[in-house]
Amino acid sequence: MSSQNFQNPFQISPIFFTKHNKINKIEQVYNKENITKGFINNKEYELNKRKLEKVNAPISPTIRTPPLWTLNNFDLGSGLGKGQFGRVYLAREKTSGFIVALKVLNISELIKNNAEKQLLREVEIQNNLRHPNILRLYGHFYDKKYVFLILEYAAKGELFRHLRKCTRFTEKRASKYFAQMAGALGYIHKKHVIHRDIKPENLLLDLDDQLKIADFGWSVHAPSQRRKTLCGTKDYLPPEMVENQPHDEKIDLWSLGVLCYELLTGNAPFEESANGRDTTYKRIAKADFTIPDHVSVDARDLISSLLQRDPNKRLPIKNVLNHPWILKHQKNSNVLRVTNRYYCL
Ligand SMILES: Nc1ncnc2c1ncn2[C@@H]1O[C@H](COP(=O)(O)OP(=O)(O)OP(=O)(O)O)[C@@H](O)[C@H]1O
């Protein structure tokens, strides 16, 4: 089922270019300037303006996209999973045979839950990211009822499922996923994007066991200001968020520390206890956690240097990638070569 045997139609498909050129051509030829120059008449202008409006029709004032793709371009396969607003299916682009995951979101559910903006943000951000450990969003289209996201297919599914199956990962395996995650975060931070919802459920694995960050629903593009919205998943919330303080990209460093802990132990360090949410929040605010004895000295050091109460004391991403624990397990692997190449972009 690997899609690597096929040409990626979302980059080079003749269909894409034909449709895209058609829009460009309409835009170039049928503009007001050409009427005044006498190249086209008013009737032609009106006709083609309507055509252009149709291809650019928005589903809401915020989402605008030319429908380069429709459901007819795909053969649908089995369901891959269910999310809050719809389902994800295995699908094949008919002309090229290219395999994708098609995420089908119910528009009325999105509107009912006020999630339009969140989706728009997800689409805008994910559309602009190109990194081997970030799930590609190839495109999107919509009809009256649904928005369809054309996503890279991650054949091995959720990292979370694999973690639960073996309770906890070996240090070598954990360090591989962790390094890939850190590399991808370094890349998005350079683009002034904060993820804000790192957790194993949002991480997928492809057929080659490469990690893919999949969910950008809570991410924000934050050029300068420090933000205050409470978001993300409880276990992974950093002290500045539980205390309702402004936050910046350093919240992802905290979550990276929580992720490292969970990959190595099978549990998050601040999992909600029987004593309830307030107790959990107090423990997070004090960075009060203990690391089980089986975790190596190097890994402990890395976790502790990320789970720092003060965001400014957290280990910066570039030092994370050079940490002895990562170097020890990944020095001769391809992981660091790829990660460093993209980090330097
Ligand atoms: N690109 C993909 N490749 C393979 N499986 C996928 C892909 N995207 C999603 N899935 C599967 O489908 C499930 C549902 O995905 P979806 O992104 O809709 O849900 P979610 O992130 O769990 O929920 P939500 O974002 O709505 O809270 C995932 O848990 C995963 O198992």
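The values are calculated or read from the model by the stated rules, or taken from the named source; none is laboratory data. Nothing here was measured: the structure is a model prediction, and the numbers come from that model. Neighbour counts are summed over all protein chains in view; Cβ atoms, including those assigned to glycine, are modelled from backbone coordinates with ideal geometry.
What the table shows:
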read-out	value
Scope region 107-166; condition among the aromatic types (Phe, Trp, Tyr) and either assigned to a helix (DSSP H, G or I) or within 29 Å of ASN340 (Cα to Cα) (or both); matching residues	TYR138, TYR153, PHE160
Test result for LEU105, modelled with pLDDT under 95, more than 12 Å from the chain's Cα centre (by Cα), within 16 Å of the ligand (Cβ to nearest atom) and assigned by the TED database to the domain that holds ASP75	yes
Any hit, region 89-96, residues being among the β-branched types (Val, Ile, Thr) and more than 16 Å from the ligand (Cβ to nearest atom)	yes
Residue satisfying condition, being within 15 Å of the ligand (Cβ to nearest atom), surrounded by 18 or more Cβ atoms within 10 Å (Cβ to Cβ), within 18 Å of the chain's Cα centre (by Cα) and under 29 Å from LYS331 (Cβ atoms), within set LEU119, LEU151, LEU135	LEU135
Region 154-169 - residue that is surrounded by fewer than 15 Cβ atoms within 10 Å (Cβ to Cβ) and of a type in the set (Lys, Arg) and, of those, nearest to the ligand (Cβ to nearest atom)	ARG161
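Listed here are the residues, each with its yes/no results for (1) assigned by the TED database to the domain that holds ASN340; (2) over 17 Å from ILE198 (Cα atoms); (3) surrounded by fewer than 20 Cβ atoms within 10 Å (Cβ to Cβ); (4) among the β-branched types (Val, Ile, Thr).
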{"residue": "GLU243", "(1), (2), (3), (4)": "yes, yes, yes, no"}
{"residue": "THR279", "(1), (2), (3), (4)": "yes, yes, yes, yes"}
{"residue": "ARG283", "(1), (2), (3), (4)": "yes, yes, yes, no"}
{"residue": "ARG300", "(1), (2), (3), (4)": "yes, yes, yes, no"}
{"residue": "SER304", "(1), (2), (3), (4)": "yes, yes, yes, no"}
{"residue": "PRO316", "(1), (2), (3), (4)": "yes, no, yes, no"}
{"residue": "HIS323", "(1), (2), (3), (4)": "yes, yes, no, no"}
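Yes/no matrix, rows are residues, columns are (1) within 17 Å of GLY83 (Cα to Cα); (2) assigned by the TED database to the domain that holds HIS294; (3) more than 12 Å from the ligand (Cβ to nearest atom); (4) under 12 Å from the mean Cα position of the chain (by Cα):
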{"site": "ALA179", "(1), (2), (3), (4)": "no, yes, yes, no"}
{"site": "GLY186", "(1), (2), (3), (4)": "no, yes, yes, no"}
{"site": "ILE194", "(1), (2), (3), (4)": "no, yes, yes, yes"}
{"site": "PHE216", "(1), (2), (3), (4)": "yes, yes, no, yes"}
